[in-house]
Amino acid sequence: MGVDYYYYCTKCGWHDILNREWCPFCGEKPKRYDYKLENFFDISEEERKELERPLIELIEKSPDFDPKLRDKRVIERERYNKESIKRMYSNKVQVTCPYCHSQNTRKIGAGERMFSTNLFGLGSSNLGKQWHCKDCGSDF
Ligand SMILES: [Zn+2]
Ligand SMILES: [Zn+2]
């Protein structure tokens, strides 16, 4: 449905389809890349890279482009990505079921674990399992 545009910063090379008043990395005013993106969220990673190629060239040819700033931005972004992955794991927001790959899972409480131990004895398969899949009913 929607039509989107890329917004980009010529200084550090930041680009995104979200329009921001200021570049979130270096604070410059982003420019709009005059190319209509249709159904952006339906395209593949490959297609997206293809789309971004001329935009990145444009950025890199820009007189105020600063490759050092760009490198810094890329490093910061990687660090940020790694940290958000770490955060995601430590909060255990979404755990994928190893059996059916559903993300409809929940953490089994300590009380529940104790209860199933008492109920089925020490050999309970629930022992040591921390997650329950609401789709296929497996514990893991
Ligand atoms: Zn910038
Ligand atoms: Zn499952």
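Scanning segment 28-49 for residues that are open to solvent by less than 90 Å² (accessible area, probe 1.4 Å) and more than 16 Å from residue 59 (Cα to Cα) yields 37, 39, 40, 43, 44, 48. One residue stands out among those in segment 47-105 that are part of a helix (DSSP H, G or I), acidic (Asp, Glu) and at pLDDT 95 or above: the one that is farthest from residue 27 (Cα to Cα), which is 57.
Take residue 52 and tell me if it is open to solvent by 80 Å² or more (accessible area, probe 1.4 Å) and either more than 16 Å from ligand 2 (Cβ to nearest atom) or at positive phi (or both). No: the conditions fail for residue 52.
Scanning segment 1-10 for residues that are open to solvent by less than 100 Å² (accessible area, probe 1.4 Å) and either farther than 20 Å from residue 77 by Cα or assigned to a strand (DSSP E or B) (or both) yields 2, 3, 4, 5, 6, 7, 8. Contact annotation: residue pairs with Cβ atoms under 7 Å, 6 or more positions apart or on different chains, pairing a residue in segment 60-76 that is in contact (Cβ under 8 Å) with a residue 60 or more places away in the chain with a partner that is of a type outside the set (Val, Ile, Thr) and surrounded by 10 or more Cβ atoms within 10 Å (Cβ to Cβ), are 73/12; 73/13; 73/14; 73/25.
Entry remark, segment 55-95: residues being open to solvent by less than 60 Å² (accessible area, probe 1.4 Å) and within 16 Å of ligand 2 (Cβ to nearest atom) number 1 in total. Filtering segment 11-39 to residues that are assigned to a loop (DSSP other than H, G, I, E, B), away from ligand 1 (no atom under 14 Å from the Cβ) and among the acidic types (Asp, Glu) leaves nothing.
The values are calculated or read from the model by the stated rules, or taken from the named source; none is laboratory data. For clarity, every value in this text was computed on a predicted model and none was experimentally measured. Using ideal geometry, Cβ is built from the backbone for each residue, glycine included, and neighbour counts are taken over all protein chains shown. For the accessible areas, the whole protein counts, side chains as well, though only heavy atoms, and no ligand, DNA or RNA atoms are used. Shrake-Rupley method; radii C 1.70, N 1.55, O 1.52, S 1.80 Å.
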